[in-house]
Amino acid sequence: MRSLFVCLFLLIAASSQAQQKYWVFLKDKTDTVFDPYSYFDRKAIDRRIRNNVSLYDLTDLPVSQIYIDKIKRIVDSTTAVTRWFNAVVVIADHEQIQAISNLEFVVKISEGGTLGKRISGADDDLSAKSVKLLDYQTRVLGREDLAVRSLNGKGVRIAVLDAGFSDADKNPAFDHLRSNNRILKTYDFIKRRDHVYDHADHGTMVLSCIGGIYKGKNVGLATEAEFLLARTEFNLREPFSEEEHWVEAAEWADKNGADIINSSLGYTTHRYFQSDLDGKTSIVSRAATMAARKGILVVNAAGNEGTEDWKKLGVPADADSILSVGGIDPYLGMHVDFSSYGPTADGRMKPNVCAPGIVMAAVGERIGRTEGTSFSSPLMAGFAACVLQLHPEWDCQTLLHSIERSGRLYPYYDYAHGYGVPRAGYFLNDSLPEKVTFSFELINGNINVMPDSLHMENDDSDLLYYHIREQSGAIRKYYVLQLTSSEPVRLDVSAYSKMIVAIHFKGFTTEILLP
């Protein structure tokens, strides 16, 4: 009997190991019927018109039910169906996938995978130090300037894709959202149900950094926005299936009228090579780009690999046409060490901008300190919602590029800060800082920088940024110097020639072509 049990166990184990996940891509959408006016939320239709996106785009048509039924007759189960990519995700063994590959309507099959990393958590409640941090995370993005114009994200719809929203239905940071019914829809793409208020509090923290209010203090900037909450991730780990859920949730957000998607996630080592960070290899990056083409501003965390071996951003932060957000240290005013670096594998600048990466956020039924670009991203999403409220006529890419140009460092950039922390004053034309000019001289391979006016303020205005880049635009080296006196600054560039040195200080950027 024991021997029979062992044999049976081994047979089950072997069968289980033979089962894998596959993406099955289909050649067309035969025999499908689509009415955009009954499928899309009215707000989604308005967004598409504003962005000049067709209401009858082929990618929005449903996947052929005939094809789905034929695939289901072969495999044990299907886990996702995506209109945008005309694909079905299946769990199948080798023989089953071989049978699927022989179907005349199947054009491509890709394997899935597993494994991931932990998500950070929060740690304490309000104290004098916490109040100061809470004030900083929205003040640095222009909370006071936005409040004068009553800019708080009203009328803007934001989809949050995350690991779960434990206690968001109880935390007082969301009383104003609940009482005004501004959490419009929720969906758990893992358990296939509407309830999302369990499993993880990461999404709760993220949501608070977009639109939370705690004890009368802003946690995020878009306190009057509308929200769609989607659970797409497993608690504390990120298996490959989460990319399926991300694609499904992005399509759901599109259908339900999202103007902005916040995605505080990223996939890196164990799943991709750095050469894959081209915005085209991963399905989730391609979906982020697709969402942008539908007129949705996708705001994505750059990642927390800055101190790890990987160091680079992950996917979908590598996607084209989306706003990837790095983190700054609120105590230093510059790149926080854990924030991931750009550029992408194909040389595009990432991150685009940055925001505080050490914050206060809602957790449980209170508020606590936490860190990660997971929170830089929602702070930026809230900022973007306020800008879109001010300019509801703007399309997605106008909004994105305007936020880039509002960066404190613009037109200077580097692969840690992007264009820096955006400024609300750029959009309001009433609180722009005065620019400080400086002179320089190039002598014997050194650039001597001499600010004409240097008022030491012991904050990020005392930071001097410079990079050395090829004429093609690729940065070779970049630095940030904390100035402590008004003495001239010497930059050693003797190892470089025919390259460009860009220097940024107090809102002013100059460039020097090296001989």
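So here's what we get for this one:
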{"quantity": "Over the chain: helical MRE at 222 nm, DSSP H runs n ≥ 4 each giving -39500 (n - 2.57), nearest 500", "calculated": "-7500 deg cm²/dmol"}
{"quantity": "Apportionment of accessible area to carbon and sulfur, the chain, percent (1.4 Å)", "calculated": "50 percent"}
{"quantity": "Mean projected area (nm²) of the alpha-carbon convex hull when the chain is viewed from all directions", "calculated": "28.1 nm²"}
{"quantity": "Residue pairs, from the table Lys311/Lys477; Lys108/Lys311; Lys29/Lys72; Lys29/Lys255; Lys43/Lys217, whose Cα atoms sit over 24 Å apart", "calculated": "Lys108/Lys311; Lys43/Lys217"}
{"quantity": "For region 482-499, Karplus couplings with θ = phi - 60° (6.51, -1.76, 1.60), whole Hz, Gly/Pro x", "calculated": "8, 7, 10, 8, 8, 6, x, 9, 9, 10, 7, 10, 5, 7, 10, 8, 6, 10"}
{"quantity": "Those trypsin sites (Lys or Arg not before Pro) in region 190-267 that DSSP places in a loop and that have at most 13 other beta carbons within 10 Å", "calculated": "Lys191, Arg192, Lys215"}
{"quantity": "Per residue solvent-accessible surface (Å²) - the chain, probe of 1.4 Å", "calculated": "42 Å²"}
{"quantity": "Distant-in-sequence amide H partners of Phe508 (H built 1.01 Å from N, under 5 Å)", "calculated": "Val436"}
{"quantity": "Estimated inter-spin distance, Glu487 and Ser54, nm [label 7 Å along Cα→Cβ]", "calculated": "6.6 nm"}
{"quantity": "Partners for Lys506 among lysines (Cα-Cα distance below 17 Å; same-chain residues under 8 apart left out)", "calculated": "Lys435"}
{"quantity": "Relative contact order %, the chain, counting alpha carbon pairs below 8 Å whose residues are six or more apart", "calculated": "14 percent"}
{"quantity": "Cα centroid separation, region 179-246 to region 46-104 (Å)", "calculated": "27 Å"}
{"quantity": "Alpha-carbon centroid distance for the pair region 293-308 / region 476-515, whole angstrom", "calculated": "29 Å"}
{"quantity": "Nonlocal amide H pairs with Gly407, under 5 Å, H built at 1.01 Å", "calculated": "Arg423"}
{"quantity": "Peptide ranges 475-482, 135-142 listed from the most packed, as the mean C-beta count within 10 angstrom indicates", "calculated": "135-142, 475-482"}
{"quantity": "Placed amide H near Gly257: partners under 5 Å, 5+ positions off or other chain", "calculated": "Asp41, Ala44"}
{"quantity": "Net charge of neighbours whose Cβ lies under 10 Å from the Cβ of Phe227, counting Lys and Arg as +1 and Asp and Glu as -1", "calculated": "+2"}
{"quantity": "Antiparallel bridges, percent of DSSP beta bridges restricted to the chain (to nearest 5)", "calculated": "70 percent"}
{"quantity": "Per-selection Kirkwood Rh - region 239-356 (Cα, Å, 1 d.p.)", "calculated": "14.1 Å"}
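The values are calculated or read from the model by the stated rules, or taken from the named source; none is laboratory data. Keep in mind that what you see is a predicted model, and the values were worked out from it rather than measured. All Cβ positions, even for glycine, are placed from backbone atoms using ideal geometry, and neighbour counts span all protein chains on display. With ligands, DNA and RNA removed, areas are computed over all heavy atoms of the protein, side chains included. Shrake-Rupley method; radii C 1.70, N 1.55, O 1.52, S 1.80 Å.
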